[in-house]
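Participant: Have a look at this one before I ask anything.
The values are calculated or read from the model by the stated rules, or taken from the named source; none is laboratory data. Remember, predicted model here, so these are calculated numbers, not experimental data. Virtual Cβ from ideal backbone geometry, glycine too; neighbours counted across all protein chains shown.
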Amino acid sequence: MEETALIEVSNMRPALTGEAAAKVVKGGAAAWASNGQTTAMECGLGLGADDLAIVENAIDKNLLPIDLVVFAKESATEDVINAAYGISEAYNAKGVDTAGKLLSARPDLEKRYINRVRLGGIKFWLDGNPVLAWMSEPYTELPSGREAGFKGYGQIPDQVLFDFFDKYWTTDMQINMHVMGDQAIEQALQAIEAAVKKHGMRDHRPVFVHAGYVRPDQIARIKAVGGIPSFLAVSLAVQGDDIAPLWGPERAANAMAAASMLKAGVPFTISHDAPITPPPILPGVWAAVNRVTQSGKVLGPDQRISAYDALRAVTSMAAYQIKEENSKGTLEAGKLADLVILDKNPLRVEPMTIKDIKVLETIKEGNTVYGG
């Protein structure tokens, strides 16, 4: 079993309720804060059958010390939107100033958050992991058990994706898409371009999650529609030695092509994919700077970026990706006091040691939520 079939099996487990549901949220938030994160993203609410109830419980009990932006799995979109509307109505009911009290503590007056949770948009999985990435050309070497000519495969019919962009392109609901191979990216671009043709350009900022292999001709098209690649850079270290023979030298060398995006003027972010990869941020920064695999090879040296640009990808560009650049991401007067204190300066240490830098303290809106 793999991909969507595996998810169906995992959903057979009993739902988390009560204290167990609270522990999930509090434990996750503590882990994220300990790694210097003041805003977290759940990019697939609805993968678990009890996801929505767990988040609603966190809102009701005000469990989160950091902000959480949630994106609904496409099949759960209507349920999540309806729940978000109901929660918003409950906190803004006539005669109840709960919303005002909640907002008074936020210098940015960010009205979309309720008890540190807000709905950001929708998430699609257009293809699978690196050994199932949907490519336009066959794999150079076959993954185990695959037949000659294997190119990976898509998971969403074209019309479903086209319809979602048609419906949500002009709204505040961003669409995030898991795209590992260039054919998955092609499907995404065609859907977005159709929405632009019909509705005109909007500040939607569609996110190309992972953007494993982007063809050079696709980079300009991503820029034209305001797209943002979000690279799982640490996978270059963890899976680079596996990707290289499967994808072949050209695709592997240009996997998660951060330098090409910089040159083209395309904003990008660096993310982790916990629990698929661990939640620390700095190993992802390290991976984007060095692109060293487990065997010690440099995978695509021309795609390495500076530590400064990698840090921008987890701060200012991360805030831009979720449309919160006016209140987060840089140290400026009037923005939130969301800070992290490290034991070493990533811009001054030897690049291969960036992943070993420790988080000493995490501060959310002036309050210490880890260390100190």
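Participant: Among A274, A310, A264, which is surrounded by 18 or more Cβ atoms within 10 Å (Cβ to Cβ) and assigned by TED's automatic domain parsing to the domain that holds V238?
Facilitator: A310
Participant: On to the next question. Among the listed residues K123, K101, K94, which satisfies the condition of being surrounded by fewer than 14 Cβ atoms within 10 Å (Cβ to Cβ) and either in a loop (DSSP other than H, G, I, E, B) or at pLDDT 70 or above (or both)?
Facilitator: Being surrounded by fewer than 14 Cβ atoms within 10 Å (Cβ to Cβ) and either in a loop (DSSP other than H, G, I, E, B) or at pLDDT 70 or above (or both) holds for just one of K123, K101, K94, which is K94.
Participant: Another one. Just name the residue that is surrounded by the fewest Cβ atoms within 10 Å (Cβ to Cβ) out of those in the stretch 198-220 that are out of contact with any strand residue (DSSP E or B) (no Cβ under 7 Å at 6 or more places or on another chain) and small (G, A, S).
Facilitator: G200
Participant: Within the stretch 288-338, can you find the residues that are of a type outside the set (D, E), under 20 Å from L68 (Cα atoms) and in a loop (DSSP other than H, G, I, E, B)?
Facilitator: V314, T315, I322, K323, N326, S327, K328, G329, T330, K335, L336, A337
Participant: How about the stretch 134-172: which of its residues are farther than 29 Å from V69 by Cα, crowded, with 16+ Cβ neighbours inside 10 Å and in contact (Cβ under 8 Å) with a residue 60 or more places away in the chain?
Facilitator: Scanning the stretch 134-172 gives M135, Y139.
Participant: Being within 20 Å of D273 (Cβ to Cβ) and loosely packed, with under 13 Cβ neighbours inside 10 Å is the filter here, so list the residues in the stretch 10-43 that pass it.
Facilitator: Within the stretch 10-43, S10, G27 qualify.
Participant: Select from the stretch 1-55 the residues that are more than 30 Å from D343 (Cβ to Cβ), part of a loop (DSSP other than H, G, I, E, B) and either in contact (Cβ under 8 Å) with a residue 60 or more places away in the chain or over 19 Å from the mean Cα position of the chain (by Cα) (or both) and list them in ascending order.
Facilitator: Scanning the stretch 1-55 gives M1, E2, E3, N11, M12, R13, P14, A15, L16, T17, A49, D50.
Participant: Right, another one. Evaluate the stretch 299-307: report whether one residue or more is surrounded by 19 or more Cβ atoms within 10 Å (Cβ to Cβ), of a type in the set (V, I, T) and either over 27 Å from A195 (Cβ atoms) or assigned by TED's automatic domain parsing to the domain that holds K151 (or both).
Facilitator: Yes, the stretch 299-307 contains a residue that is surrounded by 19 or more Cβ atoms within 10 Å (Cβ to Cβ), of a type in the set (V, I, T) and either over 27 Å from A195 (Cβ atoms) or assigned by TED's automatic domain parsing to the domain that holds K151 (or both).
Participant: Looking only at the stretch 173-202, count how many residues are without any contact (Cβ under 8 Å) to a residue 24 or more places away in the chain and either under 23 Å from L45 (Cα atoms) or outside the structural domain of P216 (by TED's automatic domain parsing) (or both).
Facilitator: Within the stretch 173-202, residues that are without any contact (Cβ under 8 Å) to a residue 24 or more places away in the chain and either under 23 Å from L45 (Cα atoms) or outside the structural domain of P216 (by TED's automatic domain parsing) (or both) number 0.
Participant: Right, another one. Somewhere in the stretch 250-273, is a residue among the charged types (D, E, K, R), at pLDDT 95 or above and closer than 22 Å to M352 by Cβ?
Facilitator: There is no residue in the stretch 250-273 that is among the charged types (D, E, K, R), at pLDDT 95 or above and closer than 22 Å to M352 by Cβ.
Participant: Next question, about the same structure. Which of the residues spanning the stretch 262-275 are in a helix (DSSP H, G or I) and out of contact with any helix residue (DSSP H, G or I) (no Cβ under 7 Å at 6 or more places or on another chain)?
Facilitator: The one that is in a helix (DSSP H, G or I) and out of contact with any helix residue (DSSP H, G or I) (no Cβ under 7 Å at 6 or more places or on another chain): K263.
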